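For reference, the structure is listed below as structure tokens.
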Amino acid sequence: MNQDKLKKAAAFAALAELEALAPDSLIGVGTGSTVNHFIDALASSGARIRGAVSSSEASSRRLAAHGIPLISLDEIDALPFYIDGADEIDYGFNMIKGGGGALTREKIVAAAASRFICICDASKRVATLGRFPLPVEVIPMARVQAAREIARLTGGEPRWREGFVTDNGHHILDIHGLAIDNPRALETELNQIAGTVTNGLFARRGADLLLLATAEGVQRHDRQSSATSSR
Ligand code: 5RP
């Protein structure tokens, strides 16, 4: 099965999780090609949701095109689920995200949600995070100085994602050459660098549930119960 079919399978599996939702609930929606499949599946499923809190302009456009109402975080008290992909996820449910550059809003919406459901194809599961370059969103005037500090702190090689501007008007540095032993600590340390908006490590708020699409079916890995099942 090719990677896109696996992404689609993970996205469809997420629909089953929404059955636990009361009608007219809200969901948080991430960004990326796997999430695009989820948005399309959600629209065609007839699931009754009140609306979606979106993590990017791209996802907002797709949700709106399907007629799914967009709700801002300011309007809500609770968000039962946040559904998003990842660039890498380890066995402790820590992730690298931000390959699509939406990391900051993704982190904000994920922080508001009770449960983070990560939808991925099997290639995203790794023993150690870092083969995928770790994105850091920085305020443009701090880019060069922040890159120096990041190199000193991590020993990795920060590269400017040239020509890319985030939805928040900022720049991205992608850190190459990392093997991240302690994702929680690195997430915190990177946030201390002046001019850093956020980084793509999702360890302090990792995933609660991983729906991992493999050639043999979608595996369901639940962080709380440490249980794994397949469908
Ligand atoms: C975007 C993200 C995405 O979740 C991540 O890049 C995975 O994308 P895809 O589903 O296209 O593989 O963090 O900022």
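The values are calculated or read from the model by the stated rules, or taken from the named source; none is laboratory data. Bear in mind the structure is a predicted one, so any value in this text is a computation, not a measurement. We place every Cβ from the backbone using ideal geometry, glycine too, and count neighbours over all the protein chains shown. To get the accessible areas, we keep the full protein, side chains included, count just its heavy atoms, and leave off ligands, DNA and RNA. Shrake-Rupley method; radii C 1.70, N 1.55, O 1.52, S 1.80 Å.
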Residue satisfying condition, being open to solvent by less than 40 Å² (accessible area, probe 1.4 Å) and closer than 22 Å to GLY32 by Cβ, within set ALA213, ALA142, ALA146: ALA213
Would you point out the residue of region 72-92, among those that are near the ligand (Cβ under 10 Å from one of its atoms) and free of Cβ contacts under 8 Å to residues at least 60 places away in the same chain, that is farthest from the chain's Cα centre (by Cα)? GLU88
Does any residue of region 72-86 turn out to be hydroxyl-bearing (Ser, Thr, Tyr) and over 23 Å from ASP174 (Cβ atoms)? yes
Odd one out for PRO135, checked against (1) open to solvent by less than 20 Å² (accessible area, probe 1.4 Å); (2) over 21 Å from the mean Cα position of the chain (by Cα): (2)
Per the filter on region 182-203, residues more than 16 Å from the ligand (Cβ to nearest atom) and either open to solvent by 20 Å² or more (accessible area, probe 1.4 Å) or not assigned by TED's automatic domain parsing to the domain that holds HIS170 (or both) are ASN182, ARG184, ALA185, LEU186, THR188, GLU189, ASN191, GLN192, ALA194, GLY195, THR196
Hey, THR166 assigned by TED's automatic domain parsing to the domain that holds ILE27, in contact (Cβ under 8 Å) with a residue 60 or more places away in the chain and among the β-branched types (Val, Ile, Thr) or not: no
List every residue pair whose Cβ atoms lie under 9 Å apart, where the two residues are 6 or more positions apart in sequence or sit on different chains, the first residue falls within region 33-45 and is free of Cβ contacts under 8 Å to residues at least 24 places away in the same chain, and the second residue, located anywhere, is open to solvent by 10 Å² or more (accessible area, probe 1.4 Å). SER44/HIS66
Which residues, counting only those in region 24-33, are open to solvent by 10 Å² or more (accessible area, probe 1.4 Å) and either within 15 Å of the ligand (Cβ to nearest atom) or part of a strand (DSSP E or B) (or both)? SER25, THR31, GLY32, SER33
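Restricting to region 116-130, name every residue that is surrounded by 15 or more Cβ atoms within 10 Å (Cβ to Cβ) and not acidic (Asp, Glu).
PHE116, ILE117, CYS118, ILE119, CYS120, ALA122, LYS124, ARG125, VAL126, LEU129, GLY130
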